[in-house]
1. Rounded to the nearest Å, what's the spacing between the alpha carbon centres of the stretch B:153-212 and the stretch A:163-186? Just the number, please.
2. In debye, nearest 20, what is the charge dipole magnitude of chain B about its Cα centre with +1 on Lys and Arg Cβ and -1 on Asp and Glu Cβ, if you could check?
3. Taking K and R as +1 and D and E as -1, what net charge do the other residues with C-beta under 14 Å from the C-beta of B:G49 add up to?
4. Note down the magnitude of the dipole of the stretch B:470-621 about its Cα centre, charges +1 on Lys and Arg C-beta and -1 on Asp and Glu C-beta and zero elsewhere, to the nearest 20 debye.
5. Spelling out what I want: for every residue of the stretch B:547-564, take phi, set θ = phi - 60°, compute 6.51 cos²θ - 1.76 cosθ + 1.60 (Karplus), and round to whole Hz; glycine and proline get x.
6. Could you give the length gained on full extension between B:R609 and B:R551, defined as 0.36 nm per residue of separation minus the Cα-Cα distance, in nm?
7. Put +1 on the Cβ of every Lys and Arg and -1 on every Asp and Glu Cβ in the stretch B:173-262; which of B:Q229, B:P239, B:V261 then has its Cα farthest towards the positive end of the dipole?
8. Using only helices, what value at 222 nm comes out for the protein assembly as shown when you add -39,500 (n - 2.57) per DSSP H run of length 4 or more and divide by the total residues, to the nearest 500 deg cm²/dmol?
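Just so you know, all these numbers are worked out from the coordinates, no wet-lab data involved. These numbers were taken from a predicted model, which means no experiment stands behind them. When we count neighbours, we look across all protein chains shown, and the Cβ atoms used for this are built from the backbone with ideal geometry, even at glycine.
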Amino acid sequence: MSSMNRALQLLEDWLFGALAFGSIWLALILAAALVSSLLVGVVLICGRPQAVRASRNRFQARTLELLLFRHDVRVLCTACGRILAANAVYISQLFWPALVSALPLTVLWMHALAWFEHRPAGQGHLTVLELQLADEFPVLSTPVEVVRAEGFDNIVGPVRIPACNQLCFRLTTANVNNAEITLRVGTEEYRQLVPIDERLVRLSPVIERDRPWLQLMHPADRPLSVTGPVVRIVTHYPKRTVFVGQWECSASFVGIVLTGALSLLGARMLGLSLF
Amino acid sequence: MNAEAGRTCRQMPRRTFLKAATGALLAAGCAKPPAPSAASGVQRMIVLGIDGMDPQLMRRFIDEGRLPNCQRLIERGSFLPLGTSCPPQSPVAWSNFVSGCNPGGHGIFDFIARDPLTMQPYHSVSRLTGTSSAMPLGNWRIPLGAAAPQNLRRGVTFWEELELHGVDCTVLRVPANFPPTKTDAVTLSGMGTPDLQGNYGTFTYFTDDPKHRSREVSGGRIEKVVLDQHHVRCQIRGPANEFLADNPSVEVTLEVDRDPVSRVARLVVQNTTLVLAEGEWSDWIVVRFSLMPYAVEVSGICRVLLKGVHEPFGLYVSSVNINPAEPSAQISTPPDYARQLVREIGYFYTQGMVEDTHALSAGVLTAAEYRQQALFVHDERLRFYQHELQRFQQGFLFYYFSTLDLSSHMFWRALDPGHPQFTAELAQAHGDFIGSLYERVDQAIGETLATLDEQSWLMVVSDHGFTSFRRQFNLNSWLLDHGYLQTTGPAQRAAVLTGFPDVDWSRTRAYGLGINGLYVNRKGREVYGTVGSGDADRLIQELVSGLEAVRDPETGERVIERVFVARDVYSGPYAEAGPDLIVGYRPNYRASWDTVLGGIPRQHVVDNRDPWSGDHCVAPMFVPGVLLSSRPLRSSAAKLEDLAPTILRGFGVSIPDEMTGTPLI
């Protein structure tokens, strides 16, 4: 899983890194195009377009039959069953490509979210850093120290919360491109990079201990050590939004809509008629 | 049609011809009329509304060299004391300004009005109107029509006239304009815009201080909380839920975890996590109140102040403002303007009266904390103004600053050694606050002066001045003790009772409501009216002479300078809707807080022990406003209602008959 993460990161760093100074819309369209081409490719390879079309036609025919012969008692009695059966066949034709594409799509989107879900804090903005400690390291008796902090105007904390065994800091970012804080919790040191600008960068809002499925969910940074006192580090970055006209939307939502639109367009261009 | 034109028509395909004809018709119908040629050569006019700028204080600070830009403006153009409205209250005064007429023409007579059919008071500027019928559905109710706020100010505004004549207008935060008048101008509502609870500001203070108990206070609520393992859940109150029976308030939870030792805490509300140290204010927090799960929600914004972390814990939550990015009521024209502003400058206060004077009066905010908040407001307003000024090229721009007014109300006691709330420590710590605000206003004037050219005109307008408010007069107590007001039994002379407790309307002849209003209980107007039209004039004369003779039993001074008869000072279609008499107090006196809402305390004149220590609701001649102009003015005396005609004349636009003011150029 780690190798896959690293490979995807390399690909995306190369893809989106070039757009760091460019438009968020361009990057979104590029990401959506990448995911949708994968989706269409999987459907092309795993699906059977002729069979899909045939089953869809059969389903439409059954519906038409019911409309045309609704005065016929025999049709009325059997139509519902036949429509349901045709529908089930149609869905089953789509099931296999959907299943095959689900895993790579999820992984790809998780990686894309690391770019699009959040944006870095702006200069002078406030960011909250939360550290979840393991149960065997009670927050009140575990020593915490800021070893080094660069690129911050002000650091408030830690707030120690015994009820949920957490530590919080508030970081005020300064007029630099990247800020970095190093904390010593117990005997372990943790370094957290906080990018400061409006460019498109890969962010790690959540870093967890090294478990494959967690890496899949939060793929952007190296995982935490399994033996250390910190289980999870959460950095509260602001959500990245884009404006569609005057409406403010989440960038990842716009990405999903774009992916759907580009997938349908791609399928249509390749002669795949699913709907 | 000549031959050539006929040939052109014949050569043109029918569809193309129809398209062209439709386009031409649309262009003719929808395009703005050309801007009138301004007789005075004005292409660009800026009016800065500075609520509560006092001419005497301004002159004093100019003489001390603290207001260099005001000095430059006076040298360049002119300075006049500006006759204020009767009564000199901001909603009335600014309505005079925008409509160019007295209250009889626009219908706003006081902060508070009363419904003569129920005798209940309401805010005079706007009111929720619409159907209240709903279809019950178990615990839920489906409203069968939308209730909507209605702007109660009548009359035509000068910006509507300017827009009609092709002058682009931007009018920001002018009082008494909620919801904004429908217009093509860019407007943002100001004083009169409620918070999400529908009030003019409702703070909440969460504390475990044993000195406090949970209770409602004027303009807010104090909520006693218990911290369990350094954790507490606070409920932020939002709007009433119209979709549930009994309309309970919707709430969102704010979770606070404090450090067991250090003076810091973490706050979590919905998707927002904050870390605050003791004494710190938060940025804007967006809160969403769900009225119907997954279907209807209302969004608001608020700020919090972590007053204390340990012994005692204290968290002040400001009133929840309408979120300008997702406004639940119209606060701007065009409606998208507020949203666009959030994109450009970030969130901003939308509530009309922002500075939390109630929290200072209730002892929840200290004077220093109030000052911090007032400066947030002023700095935000200044940033907003600079943003608009930068892109303002031509047409008309109005911008309103409120901080000077509300801070003068709260800190006048630091300037007046005769005030019951004056202390040497207060004067030492905050005696210069009002002066520093004049300097900040002067900065805005300086930035505007720097943008003026030959075609520009800048006016700085304040609606009234200020005086001290040392003693309170209980008008209804005086009316009761002189037999004009009657109660059903022995009167409950408690200061906390408002809304005319135990008043026997069938024997009452006159009653006081609002800050300066005195009403005759007229037959045919009030639901339980007792005074016929024949007796009203005699009663009015009796009240005028009686009230003008009232003296303060402690100082022997006259309390009231003059009682104005409405029919002598008001004219216009709404003149009959207001009070019959307007009580013009002498400096240092004002109607008591109990009088405003119909309370009947025991004494007639009492000390004012509230931090709200300066006021302007006295006889208008004592508190004129300020008019500074970058161009010389023709007149040597001006009043607020002259300004709308002056602005129209400046752009060469004809003055409508409804505007009774006189142009100053």
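1. 41
2. Values: 61 positive and 72 negative charges, 292 e Å.
The calculation lands at about 1400 debye.
3. On the way: positive: B:R173, B:R381; negative: B:D51, B:E388, B:D405, B:D463.
Net of charged neighbours comes to -2.
4. Numbers: 17 positive and 19 negative charges, 8 e Å.
For this selection, approximately 40 debye.
5. With the stated coefficients, the stretch B:547-564 comes to 6, 5, 9, 5, 10, 6, x, 8, 9, x, 6, 6, 8, 10, 7, 7, 9, 8 Hz.
6. Working: separation 58, 0.36 × 58 = 20.88 nm, distance 1.99 nm.
Using 0.36 nm per residue and subtracting the Cα-Cα distance, I get 18.9 nm.
7. After comparing all options, I get B:P239.
8. Numbers: 24 runs with 304 residues, N = 940.
-10000 deg cm²/dmol, from helical runs alone.
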